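The values are calculated or read from the model by the stated rules, or taken from the named source; none is laboratory data. Remember, it's a predicted structure, so these values are computed and weren't measured experimentally. All Cβ positions, even for glycine, are placed from backbone atoms using ideal geometry, and neighbour counts span all protein chains on display. Just the protein is used for accessible areas: all its heavy atoms, side chains included, with ligands, DNA and RNA removed. Shrake-Rupley method; radii C 1.70, N 1.55, O 1.52, S 1.80 Å.
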Amino acid sequence: MMRHTISLLLFFLVHTLVFAQADYPNLNEITNRLEALDKNSNATLSTLTTTRGGNPIYALKLGTGDLENKPAIAVMGGVEGYHVLSTELALQFAERLIQNHPQAVEHTTFLVFPNMSPEAYEQYHAKLKYERRGNSSNLNHDRDGFLNEDPYEDLNKDGFITQMRIENPTGQYVMHPNDNRLMVEIDTSSSDVKRYQVFSEGIDNDKDGKYNEDLIEGVAFNKSLTYNFPAFEPLAGDFAVSQKESRALLDYLFQQWNIFAFVTFGPANNLSSPLNYNAAKAKKRIVASPLEDDVAINKTISELYNNTVSQKPYMQENQGTDGDFFQWAYFHFGRLSFSTPGWWVPEAKQDSISTESKLKVTKASNFLNWAKQESLDDVFVKWQKINHPDFENKTVEVGGIKPFMVMNPPFSKVDSIATEHTDFILKLARYQPKLEFHNLKIESLKGGLKRISVDLLNNANLPTHSQLGERSRWLQKVRIELSASKEKILTGNQIELVSKMDAFETKTLSWIVKGNGNLKLKAGAPHTGFAELNINL
Amino acid sequence: MKNFEYTFSIFLITLLMLSNSTNAQEKFFRAIGTPHQPKVEASWNRYNTYDGIVDLMQKIAKAYPKLTRLESIGKSVEDRDIYMLTVSDFGTGDPDKKPAMYIDGNIHSNEIQGAEFSLYTAWYLTEMFEDLEFINQLLKDKTFYIVPTINPDARDNYMKEPNTPHSPRSGMLVLDNDGDGQSGEDGYNDLNNDNHITYMIRKSPTGRYIKDPQDGRRLIQVEAEEQGEYEMLGFEGVDVDGDGNVNEDGVGYYDPNRDWGWKWQPDYVQRGAYKYPFSLPETRAVADFVLKHPNIAGAQSYHNYGGMILRGPGAEEDKDTYNREDVRIYDAIAKKGEEMIPGYRYLTVYKDLYSVFGGELDWFYGGRGIYTYTNELMVSYLYFHKNEGRGNQEEELKVDKYLTFGDAFVEWEKFEHPQYGGIEIGGFKKNFGRAHPGFLLEQDAHRNMAFTIYHAYQTPKLSVLDVTEKDLGSGLKEVTATISNERLMPTHSSQDLKYNIERPDLISISGANVVAGMIVEDDDFNKVKEQIQNPETIRVPNIPGMDTIKVRWIVSGGRNFKINVDSAKGGIVSWNK
């Protein structure tokens, strides 16, 4: 009896620990949740590689039946380490899919990569918290021949890296007129107020005049992919895809011939508003704009997103940055690529007593207004004087918006965000290419010959191939194959390859064959799924 | 009696030994510029398989342990070691700190002679180290990193399996080339079992070719209004998978020379690109080695065909990467190369050939700031010193008639083809055209080696030219050191300087108390730039070619001080008072 109670209590304890989270999970908690998912028969967890920092890069494959030969959607989390929400959204998508939408995996395979930046992610739970992008490789970010010579320092010992401001007439920053917590750059209309230098928190360890320019972090995953790779810039690496985790991920993805779309939880957003088509850039040899048909698809899916997600877009200007995963997935891997941060700071209601109405609203000022309206107290470290060894006779203060606050919502909001984004991904899945045979007709001709004609329909809102994907060798063509031997086929092809079928496009096929019996007709590709037809002559 | 026998035996043995060496001396007589009694016997009029290459490298390493180091820099797709020979005078300085020249060959599996030319270089340098003052000093000053083949798997496949002169070109990965879901389902077929993939032709009333009545090997294209007899069907093969195409999907297709991490583009932009930069183990092995050896200042990657000395940019979009200063250095070295190798021309890839993204020479220069050429070896000019153009059938048949006596051509023979019916198979063998015939191999190897030696010679050579002292009073003095670079190449190319690819050169003084340190920008007018942090080690961004730089310290004390120059690509030199 006693043992029963204890195990029951333990069960509920574990249950509540798992499902009654109060904050974004640490790496161990993520592993536990993934291993719990792995126990389900529709889920398989694998480790693609272990990072240099000793952390596994996980891949979760969700689906039933012939997993490799039906369309798949890949969901990415942790492309940016400081975007802890993204990992939680990826995880919750997998959990909700398995628990609440088991039938969805019959038609679509889902690949979930919850965290591509485990070392950077873990800075959220570290003793010294700051927004980190880089992994644990050694990289000389300022290329001066010295390694890691100028990291952050926690000058006010509060466990956060924020900013420091130094009163200095030659400084380029002033306090924001409406909110003197914020520092803004001066412009030529500034009135005669106190001026400051502003840096991130730290000391100039190598005395080169720059602060924290060579951090103890390595390559940022989301700056290291091949599209517009920013060579020689900090955090990018010596060349694109140089790190174990990016190589392992890409090696794996190049083997998943059935992925037709990516949904990346990251800073770029082409769902609130679609990308723009630029004819001149699209025609260049190095394609620099999404192609016209694909922008049309983006518009459709963007509408789908805005109808499913309740948050109205605000200040969503990031539509891709150099070397990021979101653009790689489309421009270099040829698949449909969608990205959203999942959440952003909504537009704060404007202050009715604002005197200087012409003042530009910045992300930071909007955030502080919104935080006030939401009664979030603990978002700002108050400016506090400290003694700074590099500025002996000057007034130096440490303060600023706490890290992680602007990109990641309070954890209580995550539940509804996860529900909406799960719904969106499932709706996207319902648009996937779907090949069907219709209107089979068998005519008997003279001499025992038979003419077979049939329609192949892509009964879907999306084409089989994106316009760019059609050019890529990494997407298979639609292969139509009739199971008769070549001698039996008098007209028509035994194997035919079709490079693309549009949404709702029909292709009529016909053959003249000799003889009787059962023939099989099969059409498709791994990323479109296959249609099969039995033909009884 | 015993004494006599003893002495007599000694006499006999000595006589025997002397006669042996005298015999050898009598057998061979020096041909100028070539070792006539090499420790390693090698034949330079034939090609080597992977085993042959490894064998030669091991022999050279064994014969010259103080001049060479043999190591594997990585493994190929089929798990073969990619071997490198480091050639330098290991008794003078650390080879991995001397200015170095990197040489590789055979990145395209069918472009085989780069391996022989690289091996010839390693052989020649070691065999002539004792003989020639120039080579002796060269190996004291410089290091050569020589990798004869960076595509060992497919080199062997090209040689041992039926191939055209152009295949496989890639490594041995088998990919889906036609998007039908299958890989390698329809490669070449050696229908006549001669280990060559030659041409198929067929008699046809609509054919545009006839056979030359005077030379049955030759196909002539008829005039537009004339009837021909033969049609060209293509390379030997059958439609294996019944999709209506012949030879559309064999080994490959991908191009290892599109796998390098500078302005890399995916396959639909750049045909042959694989997954991402250095996604192939062979190229990754080279990249890892180069990143670990910042002393590499110059490089050569051998290809065929064309008789060219190529520099980048590989793509027009990358024009800005090469600026005037560096182009001047490229020009100076390559123009000398044109003189050394008559028939070879100095060209720029994107302008004179075609745009290429992700090529090896682009990464070596754009990504690492290393002055790099690719020589396209072999050109028809070498046959008769005529510019008849590439693949001129008449000229080639003349070569095979008068110089190679039929070894190059497979005579036309009838064959019954499953899809085409009655055809004829014949044509030039895979090892004719792109590959040198045996009699041309050693000369071209020597000339191209000479070019790479000239290139290596022009890597920086630093010395402390002059050190002056000036008394400032109060126990202080000014020490000014002049550092000279007496070769063409600067210690940092302008691409290197633009992006800080390599660390600055470090000029340090020890044995004195340093009060201040500075770079002297103009000695005549006393323009200096102080380095406030760590003045004992002056960080100099660059020491230009054929030029000097001056650094200065204000020191106290220091009766016997030492000056050290540490440059990644310039090497290490010291000066003691």
Other protein chain Cβ atoms within 10 Å, averaged over every residue that makes up A:203-216: 1
Per residue, in Å², the accessible surface of region A:456-537 once ligands and nucleic acids are set aside, probe 1.4 Å: 43 Å²
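Given an 8 Å cut-off on Cα distances and at least 6 residues of separation, report the relative contact order of chain B as a percent.
13 percent
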Pair B:Glu521, B:Leu476: separation of 7 Å Cα→Cβ label points (nm): 2.1 nm
Region A:285-350 versus region B:242-316: alpha-carbon centroid distance in Å: 33 Å
For chain A: relative contact order, % (alpha-carbon pairs under 8 angstrom, 6 or more apart): 14 percent
Bridge type composition, chain B - antiparallel percent by DSSP, nearest 5: 80 percent
Shape of region B:95-146, Cα gyration tensor, a/c cut at 1.5: oblate
Signed unit charges on C-beta, dipole axis of region A:159-279, positive-most listed residue A:Trp257, A:Gly218, A:Pro234: A:Trp257
Farthest toward positive dipole pole in region A:301-349 [+1 Lys/Arg, -1 Asp/Glu at C-beta], among A:Ala329, A:Thr340, A:Val309: A:Val309
Protection-proxy order for peptides A:322-333, A:51-62, A:77-88, each taking the mean of Cβ atoms within 10 Å per residue, highest first: A:77-88, A:322-333, A:51-62
Rounded to 5, percent antiparallel among DSSP beta bridges of region B:264-404: 25 percent
Inter-centroid distance (Cα atoms) of region B:479-550 relative to region B:367-393, Å: 40 Å
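Taking Cα pairs under 8 Å and at least six residues apart, what relative contact order does region A:381-459 come out at, in percent?
Working: 66 pairs, mean separation 15.3, N = 79.
Rounded, it is 19 percent for region A:381-459.
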Gyration tensor (alpha-carbon) shape descriptor, region A:449-515, a/c threshold 1.5: oblate
Other protein chain Cβ atoms within 10 Å, averaged over every residue that makes up A:107-115: 0
Accessible surface of A:Tyr277 - all protein chains present, 1.4 Å probe, nearest 10 Å²: 80 Å²
Calculated FRET efficiency for the pair A:Lys382/B:Leu465, C-beta based, R₀ 56 Å, to 0.05: 0.40
Cα centre as origin, Lys/Arg/Asp/Glu Cβ charges: chain B dipole, Debye: 2820 debye
Dipole of chain A, positive direction: furthest Cα of A:Ile386, A:Ile30, A:Pro151, with charges on the beta-carbon: A:Ile30
Point-to-point label distance, B:Lys211-B:Ser574, nm (Cα→Cβ direction, 7 Å offset): 7.6 nm
Low-density loop positions, trypsin sites (Lys or Arg not before Pro), region A:102-150 - DSSP coil, at most 14 other Cβ in 10 Å: A:Lys127
Ranked by how many other beta carbons lie within 10 Å on average, peptides A:219-228, A:391-400 from highest: A:219-228, A:391-400
Heavy-atom accessible area ranking, 1.4 Å probe, most first, across A:Ser189, A:Ser272, B:Ser9: A:Ser189, B:Ser9, A:Ser272
Per-residue HN-Hα couplings for region B:110-117 [Karplus 6.51, -1.76, 1.60; θ = phi - 60°; Hz; x = Gly/Pro]: 8, 9, 7, 5, x, 5, 5, 5
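Taking 0.36 nm per residue of separation and subtracting the Cα-Cα distance, what length does fully extending B:Glu411 through B:Leu347 add? Mind dumping the intermediate values first?
On the way: separation 64, 0.36 × 64 = 23.04 nm, distance 3.68 nm.
Value of the extension gain: 19.4 nm.
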Net charge over other residues, Cβ less than 13 angstrom from the Cβ of A:Leu440 (K, R count +1; D, E count -1): 0
Qualifying aspartates and glutamates (Cα of each under 15 Å from Cα of A:Lys372; at least 8 residues distant if same chain): A:Asp179, A:Glu347, A:Asp351
Å² per residue, accessible surface of region B:307-429 at 1.4 Å: 45 Å²
Cα centre as origin, Lys/Arg/Asp/Glu Cβ charges: region B:399-488 dipole, Debye: 100 debye
Within the protein assembly as shown, percent of DSSP bridges classed antiparallel, to nearest 5: 80 percent
Hz values of 3J(HN,Hα) by residue in region B:299-314 - Karplus curve (6.51, -1.76, 1.60), Gly and Pro given as x: 8, 9, 10, 7, 10, 9, 10, x, x, 10, 10, 9, 10, x, x, x
Rough spin-label spacing in nm, given labels placed 7 Å along Cα→Cβ, for A:Gln319 and A:Glu436: 3.5 nm
Segment B:Ser43-B:Asn195, extension gain: residue separation times 0.36 nm, minus the distance between their alpha carbons: 52.4 nm
Cα gyration tensor, the protein assembly as shown - rounded (a/c under 1.5), prolate or oblate: oblate
Peptide-level mean, for B:174-184, of C-beta atoms on other protein chains within 10 Å: 4
